[in-house]
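Everything below concerns the one structure shown next.
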Amino acid sequence: MPVAGPVRVRLAPSPTGTLHIGTARTAVFNWLFARRHGGQFLLRIEDTDRERSKPEFTTNILGGLAWLGLSWDGEPVIQSERIEAHRQAIAQLLESGHAYRCYVREEELTAMREAQAAANKAPRYDNRHRDLSPEQEQAFIAAGRQSVIRFRIDDGAAIEWHDLVRGPMRWAGADLGGDMVIARRAPSGAIGDPLYNLVVVVDDAAMAISHVIRGEDHIANTAKQILLYEALGLPLPQFAHTPLILNQEGRKLSKRDGVTSVSEFQAMGFTAGALANYMTLLGWSPPEGMGERFTLEQAAAVFDFERVNRAGARFDWDKLNWINGQVLHGLGAAELRRQLLPLWEAQGWAASGAIGSDPAWQEQLTELLGPSLTLLADGVEQAKPFFERPELNEAACAQLETEGARPALAALLGALKARRGVPLVPDEAQELLGAAAKAAGVKKGVLMKSLRAALLGSLQGPDLVTTWQLLHPSGEDLARLERSL
Ligand code: GLU
């Protein structure tokens, strides 16, 4: 469907937790849509829950979005700073008769819900204070009751919109749970804290949001919000409800599923490019021929809601790992080194003065390890024996006990000592190996296996000669050979 007028979308995270993968994926779709249409992607920090909102969560959310490359336009709007506008809108609704004060006590509501449950009815507010007479109101006030403010939702109201993902949507007012609270309890005359649906409508309208793109868990809210737009005389945005992210069992991904925060994925060693790529695939199918590997810019060039699925998107670790490996392998040694260096430094490696601080050496190490990395963190694990002398594992010890292993290593050590200080090039390394094996009367293969055991403490690892070359400039190859003897 063609988009008329300037596209202005927003992400409206609540800073009550770290940036969740679901929120980040919503951010991705908003960002892609804004980019596609040359529009603006705005942020609004919904911090009206004063007890649960924390500045460190705002920092985490903004940091996560920035890390993913989801740049936003302008300064984030801080919802709590807009409370006067929210109160004004509530006053307007009271004035126009769309809202009213409800003095029902908490105990009365509980009793009402219990009666509904006993009668097997869905819980809903029965609108009992909708049409109080002035005398009844006075009596409640005189009895010291406070009031919430409720927005009238007529049972007969028919709410319809064309959802950009889900197509035609219809809701009946009767299914929205009765008149909705839009302001918390407060002494009579005052307007208590404004609540979610009201503030979102007021803020989205003030920010001139053209398209509200959010998770499908907000569909019922959208129905209520449309009624609020109408009552406030505000122009309606378009709506797009994106599918939920599901866990392996097909249930909504939640904290119990372990890793759900963007910062946790980052700490695990996923790259921003891979995570953004993968999140785009969570609910969006790229057009034929595009493949599954792309940057956000590439996706933005073709993104539309017609290719957003309605069904929930199952989180697939294998695919994320695969994409991450692909991204790492495509980075090139220089960039990969740049990304690994802080992780190495955090281990106390690559400190200045030591051989491991030489950028050329680091790049050679990166080139050696790069092709086998799935996670950036693998580049820490696998780099470890190059920065720290490893213990010999069982298989390595056994290898050193095989016949001829130690004599061959001794011959190699002797030859190396004789040429101390000379850089090791692959051809010469092969010659040294051949000569030492011959001198000890073993096959070259036996020596190579033993050298790997001596250098890496394990029979597994990357290319042997490159490994040896990397350990050579510091004399670490000699030290490890000596130890093995
Ligand atoms: N603060 C809400 C949330 O985090 C915003 C929902 C919306 O986009 O309206 O779920």
- Full extension between A333 and L236 adds, at 0.36 nm per residue less the Cα distance, a length in nm of 29.9 nm
- If you find the alpha carbon centre of segment 1-75 and of segment 243-287, how far apart are they in angstrom? 16
- Note on the structure: Gyration tensor on Cα atoms of segment 356-406, a ≥ b ≥ c root eigenvalues, a/c under 1.5 rounded, else prolate if a/b beats b/c, else oblate, says prolate
- Message: Cα atoms only: what Rg and Dmax, in Å, come out for segment 438-485?
- Response: 10.6, 29
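Quick one: divide the alpha-carbon radius of gyration of segment 253-381 by 2.2 N^0.38 Å and tell me what you get. List each step's numbers first, then the result.
Values: Rg = 17.1 Å, N = 129, 2.2 N^0.38 = 13.9 Å.
Relative to the rule-of-thumb radius for its length, segment 253-381 sits at 1.22.
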- Pairwise Cα inverse-distance average, inverted: Kirkwood Rh of segment 120-197 (Å): 14.7
- Item | Stokes-Einstein translational diffusion, segment 327-485 - Kirkwood Rh over all Cα pairs, 1.306 mPa s, 10 °C, in µm²/s | 98
- Cα Rg over Rh - segment 1-84, Kirkwood: 1.00
- Task: Please label the shape of segment 383-439 as rounded, prolate or oblate, based on the square roots a ≥ b ≥ c of the eigenvalues of the alpha-carbon gyration tensor (a/c under 1.5 means rounded; beyond that, a/b larger than b/c means prolate, else oblate).
- Result: oblate
- Query: Among A429, A174, L94, whose Cα sits farthest toward the positive end of the charge dipole of the chain (+1 at Cβ of Lys/Arg, -1 at Cβ of Asp/Glu, about the Cα centre)?
  - Reply: A429
- Query: In angstroms, what radius of gyration and Dmax does the chain have, counting Cα atoms only?
  - Reply: 32.2, 111
- Message: Please report the antiparallel percentage of the DSSP beta bridges confined to the chain, to the nearest 5.
- Response: 55
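Take the Cβ-Cβ distance between D304 and E106 as r, set R0 to 41 Å, and report the resulting FRET efficiency rounded to the nearest 0.05. Don't skip to the end; give the middle numbers.
Numbers: r = 47 Å, r/R0 = 1.15.
It comes out at approximately 0.30.
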- Task: For every helix of n ≥ 4 consecutive DSSP H residues, a contribution of -39,500 (n - 2.57) applies; sum these over the chain, divide by its total residues, and give [θ] at 222 nm rounded to the nearest 500 deg cm²/dmol.
- Result: -14000 deg cm²/dmol
- Note on the structure: Short to long, in 5 Å steps from zero, the percent of alpha-carbon pairs of segment 33-185 per bin is 2, 7, 11, 13, 14, 15, 14, 11, 7, 5, 2, 0
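For segment 204-258, which trypsin sites (Lys or Arg not before Pro) are both in a DSSP coil and crowded by at most 13 other Cβ atoms within 10 Å?
Taking segment 204-258 and a limit of 13 other Cβ atoms within 10 Å, the loop trypsin sites (Lys or Arg not before Pro) found are R251.
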- All lysines inside 28 Å of K121 as judged from Cα atoms, apart from same-chain residues fewer than 8 positions distant: K224, K252
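Where a number appears in this text, it was derived from the coordinates with a stated rule and is not lab data. It should be emphasised that the depicted structure is a prediction, and the values quoted were computed from it without experimental measurement. All Cβ positions, glycine included, derive from the backbone under ideal geometry; neighbour counts span all protein chains shown.
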